[in-house]
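Reading through the structure tokens given below for one structure.
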Amino acid sequence: MGETLQLAEITIHIARKDIANVHVSVHPPEGEVRVSAPEHFSLASLRAFLITKLAWMRAERAKFQEQPRNAPLLYIDRESHYLWGERYLLEVIERDAPPEVDLGHGVLRLYVRPGTGEEKREEVLSRWYRDQVRDAVNELLPVWEKRLGVQVERSYVQRMKTRWGSCNPAQGTIRLNTELAKNPRRCLEYVLVHELAHLHDATHGPRFRDLMDHHVPTWKTIRDELNGRALAHQDWTR
């Protein structure tokens, strides 16, 4: 799930690549810092380099954090929407055909019939987000079932008001929030592993924590990241 580096108050997500130089970028909506670094570059050298960029990173993060949060969505042209942590501008296209959603370069295209109102547009887009999570879960679930030695009887993807996910150990079922599609993929993977770990330990006791520490060493950082997002009015540690 990648390396992370804590520099003062900033959690930096590192991707190792076959490149010659270090690239630093700051992303909306929360000012997430991502670094692409050469495979041979040591963590100590990377830390030293990033210290020289600390003032710049703080300034860039402040720009995002000062922006209004959670403004009501109207599902109109040039409105910001997110998929896997990346920002897209909405383009609403009316046509006499069934509703559809697709992605272009920095653009999320929503195709609807002429005269389609806000509520229906939201419904179409929500269904599309659900499908994105479902597709990702279908890919990740067999991998993590094998790693954790568990078997899920059934998984559900749905909108949830106060949780990113839930598990019913007695029934062997898990539920994941459609809204996870708007966050970086590591968040979905963390929530999935979190819920699967409950099939071993229904509490957040020592066995649960040991599983998380072993399989997702950065789980506490990702948990805190999720707690700072839209559903954080209820602490997701449960």
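Among the residues of the stretch 1-22, those identified as closer than 20 Å to CYS187 by Cβ and loosely packed, with under 13 Cβ neighbours inside 10 Å are GLY2, GLN6, GLU9, ALA15. Against the conditions (1) out of contact with any Phe, Trp or Tyr (no Cβ under 6 Å at 6 or more places or on another chain); (2) farther than 18 Å from LEU74 by Cβ, GLU94 satisfies every one except (2). For the stretch 103-126, enumerate the residues that are closer than 18 Å to TYR82 by Cα, of a type outside the set (A, V, I, L, M) and in contact with a helix residue (DSSP H, G or I) (Cβ under 9 Å, 6 or more places away or on another chain). Residues satisfying the conditions are TYR111, SER126. For PRO114, state whether it is free of Cβ contacts under 8 Å to residues at least 60 places away in the same chain, part of a helix (DSSP H, G or I) and surrounded by fewer than 13 Cβ atoms within 10 Å (Cβ to Cβ). No; evaluated as a whole, the condition is false for this residue. In the set (1) under 15 Å from the mean Cα position of the chain (by Cα); (2) modelled with pLDDT of 95 or more; (3) within 27 Å of THR4 (Cα to Cα), the condition left unmet by VAL157 is number (3).
Condition check: assigned to a strand (DSSP E or B) and within 15 Å of the chain's Cα centre (by Cα). Does LEU140 satisfy that? Spelling it out, it is not the case that LEU140 is assigned to a strand (DSSP E or B) and within 15 Å of the chain's Cα centre (by Cα).
Of all the residues that make up the stretch 84-106, how many are within 19 Å of ASN183 (Cα to Cα) and in a strand (DSSP E or B)?
Within the stretch 84-106, residues that are within 19 Å of ASN183 (Cα to Cα) and in a strand (DSSP E or B) number 9.
The number of residues in the stretch 162-183 being buried (at least 20 other Cβ atoms within 10 Å of the Cβ) and in a loop (DSSP other than H, G, I, E, B) comes to 2. Tallying residues that are in a loop (DSSP other than H, G, I, E, B), in contact with a helix residue (DSSP H, G or I) (Cβ under 7 Å, 6 or more places away or on another chain) and among the small types (Gly, Ala, Ser) within the stretch 19-52 yields 1.
The values are calculated or read from the model by the stated rules, or taken from the named source; none is laboratory data. Since we're looking at a predicted model, the values are computed, not measured. With ideal geometry, Cβ positions are generated from the backbone for all residues, glycine too; neighbour counts draw on all protein chains shown.
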